[in-house]
Structures are given as C-alpha cells and as structure tokens.
1. Put a dot 7 Å past each Cα toward the Cβ at His277 and Lys104; how far apart are the dots in nm?
2. With bins 10 Å wide starting at 0, give me the P(r) of segment 254-336 over every alpha carbon pair, in whole percents.
3. Which residues' amide hydrogens lie under 5 Å from the amide hydrogen of Ile280, considering only partners 5 or more residues apart or on another chain, with H built in the peptide plane?
4. Tell me, what HN-Hα J-couplings in whole Hz come from the Karplus equation 6.51 cos²θ - 1.76 cosθ + 1.60 at θ = phi - 60° for each residue of segment 70-75, using x for Gly and Pro?
5. Any chance you could run the full-extension gain for Asp248 through Arg5? It's 0.36 nm times the residue separation minus the Cα-Cα distance, nm to one decimal.
6. Tell me, what is the percent relative contact order of segment 80-164, built from C-alpha pairs under 8 Å that lie six or more residues apart?
7. Most exposed first by the Cβ proxy, i.e. fewest other Cβ within 10 Å, how do Asp305, Asp43, Asp259 rank?
8. Would you kindly derive the ³J(HN,Hα) couplings of segment 287-298 from the backbone phi angles with the Karplus curve 6.51 cos²θ - 1.76 cosθ + 1.60 (θ = phi - 60°), listing them in order in whole Hz, with x for Gly and Pro?
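The numbers here are math on the coordinates, done by the rules we state, and not lab data. Note that this is a predicted model, so its numbers are computed, not measured. Because the Cβ atoms are built from the backbone with ideal geometry, glycine has one as well, and the counts that use them run over all protein chains shown.
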Amino acid sequence: TAPDRDPVCFCAQQDLAQELGISDRALRGHEKALANLGLIEIDTAANGRRSGRALSNGRRLGINLRPLIVLLPQLIALDARHREEARSCQVLRLECSAAKRDVKLLLEKLLILRPSHPALAALLQRRSAWPRRYAVLVGSDCLAAHLAEIQLLRSECEELLRYLPKPSGRAEAQLPAIQKTTPESSESCKGAETTRITDPERDWQIASTEVDKAADPNPTACGAGAEDHSHNLRWLTPQVLRDLASPDLRAHLDLFCPDGLPCPRSFRTAVFHLLPHLHIGEEVMHEAAAVFGDLAACLTVLMIDANRDHPTHPIRCPGAALRRFTQLQARGTFNLAGALVGLRHRRRGIS
C-alpha cells in the first residue's frame, strides 16, 4: 500500500460475506462492531455501494483499514498478554486440581486415624465450601488465591498427620507421596559407615514406591525382581530425574527448585508450567492424572518431552502421545519404568 493512500477494501458486501462464509446480516454486524471500536472506518455511497471512488476529502468509498494498521502493535501486545494469561490460568487450574487431590487423600487418612479429632470437622467444612467448577474463578488472580487457600488447608492437614502413628496394612496408592512425612533426615548404617539421605532423596524414595504400587500391583510378574529396573522406579533419585529431563524442563526445575534438587511437588509444578510449551491440553493432562496418578503422569510427560529429539523415533505431537500412553496405561500395557530406563540408557550413550 502506498504510504500516501489509506488501505481500503471496496469488495461488495455480498461477495465479502460469501468469501467469509457468513450471511450479509452477520457481516454488517461485524463491521458495525469494528467501527464502534474505532478499528475501521466505513464510507459508502448513498445507495450503500463501495466503489473505491475517491472522495473530496481524500478518503475512498469502502472499509478503511488505516485505524486497524495503526493499532496493530498494541493489538499484538494485547494478544501476547491474553495468551500469557491463558497459560497462567491453565497451570493454576492444574495446580489446584493436584493440590485438591492431595487434600482429599490427607483427609481420608485423618478420618481413618483420628475420626474424632476436634479440627477435622472444620477442615472438611472448608473443603466442601470450595467451588466445584473453575468457571466461577475468573482470571489468574482468583485462581492463585484459590490455590493459596488449598495449599493452606493441605499444610494444616499435614501438620495434624505429622505426629500421628503410621497406619498398618497396605499403603494407599498415590498417598501424598509428595510430602515430607518426617521432619528429621533418615540414615542408613552399614558397619562404621553412615550415609545420610537428604530430604528430596527420601521424598523420591517414598514417591517412587507409591507409583510402583499404583502402576504395577504385581511387581514380580514376568520375572521382574527387586533389581529389575525395567519394572520399578526405585532407582529414580532427584539427580537422575534432572539428568533425564530435557533442557527446557531442566530450566523449569531450576526455576522452582533454586536451592537444589527437585522434590516431587516442585517437579510436578515444573511439569505443569512446561505443558503449554508442549501444546498439551489441560483436559489431556487431567485424563492422564486420573489414570496414572499425578506423579506418574508428570514422569510420562518428562519421558515424552525428552524423546522429542529421539534420533530415530522422535515424538512430534506430545499431546497425542500422552493421550495414547494414557490409553495404554488404562489397559495395563504401558511400562513407564521401562521407558524411563530406555531414556536413561540413551542419555548415557548405551545402546
């Protein structure tokens, strides 16, 4: 377009409507809305024609797009802010859902261990007051406030459980493995040598055990023994997880674990923030969490992300891959531990 002439569309209204696949009436409504917003200027002849003929004031008959072009940088910036807000809302909704599952399991444990605890009724009442749908929480600020409320209740539940005796019998699958259950560090002794297990390492030991129980109720099947890493995740430590992660995920881990190695909860948060960059939808992640459990679903995302650069079989559509692996897991035919072992061998350069 010449700089001294305004860009004008003088296509006939019925032709433009047909090209856009809408009715003439709908087109007139859109044009009026854009004109009211100041994004376009409409000049027509007395009979409504848009011939493109120049008027005495220098304008031409038709739809003048000059205001839209002038505002284009602002519109691009507005679109970027809108996309960032949408990504933030997606991550916050996932965080809220995962934290709610933590609270649910903690309350169930409290009901078993201390059903008559005086604080339990108030905790249950606060949980029941939460909105059932996220539609009423508009914007990232509302979601962040709701997440803080959930995290506060979760912390209070954990504080009540901290000094309770551990339950006997079979552990619940996915029981907040993502928590620190004892305030002091544990030690294992062999002769005169003592090895201190750090907090993240202990959390991952608990978490990997719970993932194994949820994903493989019969760990000795197919000849899988305690040392067969292709059927368990007990070898997964914070440092190994960091080594397996892609550079993008590692950057997110650094962001949410600035003081050292990741714990299960910070790993979960890092994965949630990575999902928009992988174009993995919120519903797909919810489906995976319902089938795998939160931690195993996040480990599956780690495996998918790391295999986007696979030398022979790269994953090109992470969202579709996660949905497929979720379907396989639901049928009991997906071996997450084996996939992670294969990734670990590839990272080490082992064929």
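1. Inter-label distance under the simple model: 3.0 nm.
2. Answer for segment 254-336: a P(r) of 18, 50, 28, 4 percent.
3. Residues meeting the amide H criterion: none.
4. Each residue's phi maps through the Karplus curve to give 5, 8, 4, x, 5, 5 Hz.
5. On the way: separation 243, 0.36 × 243 = 87.48 nm, distance 4.68 nm.
Extra length from Asp248 to Arg5 when fully extended: 82.8 nm.
6. Working: 41 pairs, mean separation 45.0, N = 85.
Reported as a whole number, the value is 53 percent.
7. Numbers: Asp305 24, Asp43 16, Asp259 6.
Lowest to highest Cβ neighbour count: Asp259, Asp43, Asp305.
8. Rounded to whole hertz, the list is 4, 5, 5, 5, 8, 7, x, 4, 5, 5, 5, 5.
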